[in-house]
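Notes to accompany the following structure.
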Amino acid sequence: MRVYQTLILIAIVALFGFLSGVALMEAREAQRRPRIAESVDARRFRLFDQEGNLRAELGMPFGEPALFLYDAKGKPRAWILLDREGNARMMFVDGNDQTQWTAPPINAPQPQP
């Protein structure tokens, strides 16, 4: 009878060990899966490179949404935003802060004859 009880005890311990291993494997697999949030709420998002330089920023610095892109030296080089009237604006500048392209185009005053 004692041998029979010992075998049952060993079987129960083995079964619980097996089930614990399965549960741990599922938990580890769940940890390996990427966690993607359904939504993120914030007032500003900032993206930094490996050296800690700010490279992009999404926020509402003027009360309207704006996306800024910075070069490796931290200078703003491109931005997309909405103006106060809700019109979309885009601008790209070179390393010397000279405008390369805008949308809609900037209307330069025409010389008067």
- request: Return a whole-number percent for the relative contact order of the chain, with Cα pairs under 8 Å and 6 or more residues apart as the contact set.
  value: 10
query: Can you give the angle from 0 to 90° between the axis of helix 2-32 and the longest principal axis of the chain, with both taken from C-alpha atoms, to the nearest 10?
result: 10
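First check a/c for the stretch 71-110, with a ≥ b ≥ c the square roots of the eigenvalues of its C-alpha gyration tensor; if it is under 1.5, answer rounded, and if not, answer prolate when a/b is larger than b/c or oblate otherwise.
Details: a/c = 3.13, a/b = 1.37, b/c = 2.28.
Because a/c hits 1.5 or more and a/b fails to exceed b/c, the stretch 71-110 counts as oblate.
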query: Around Phe62, with a cut-off of 9 angstrom between Cβ atoms, what is the net charge of the other residues, counting Lys and Arg +1 and Asp and Glu -1?
result: -1
query: Taking only DSSP H segments of four or more residues, each worth -39500 (n - 2.57), what value at 222 nm results for the chain once the sum is divided by all its residues, to the nearest 500 deg cm²/dmol?
result: -10000 deg cm²/dmol
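How high is the FRET efficiency between Thr6 and Glu26 when r is their beta carbon distance and R₀ equals 30 Å, given to the nearest 0.05? Please list the in-between numbers first.
Details: r = 31 Å, r/R0 = 1.03.
That gives a FRET efficiency of 0.45.
Shape verdict for the chain, please, from the Cα gyration tensor: rounded (a/c under 1.5), prolate (a/b greater than b/c) or oblate.
Numbers: a/c = 6.88, a/b = 4.15, b/c = 1.66.
The shape class here is prolate.
Once you mark the trypsin sites (Lys or Arg not before Pro) that are in a DSSP loop and have at most 12 other Cβ atoms within 10 Å, what is the longest gap between them in the chain?
Working: sites that count: Arg35, Arg43, Arg44, Lys73, Arg84.
Counting at most 12 other Cβ atoms within 10 Å as exposed, the longest clean stretch of the chain is 1-34.
Taken together, the values in this text are just the output of simple stated rules run on the coordinates, not laboratory data. In this text, all values refer to a predicted model and were calculated from it rather than measured experimentally. Here the Cβ is made from the backbone with ideal geometry for all residues, glycine too, and neighbour counts use every protein chain on show.
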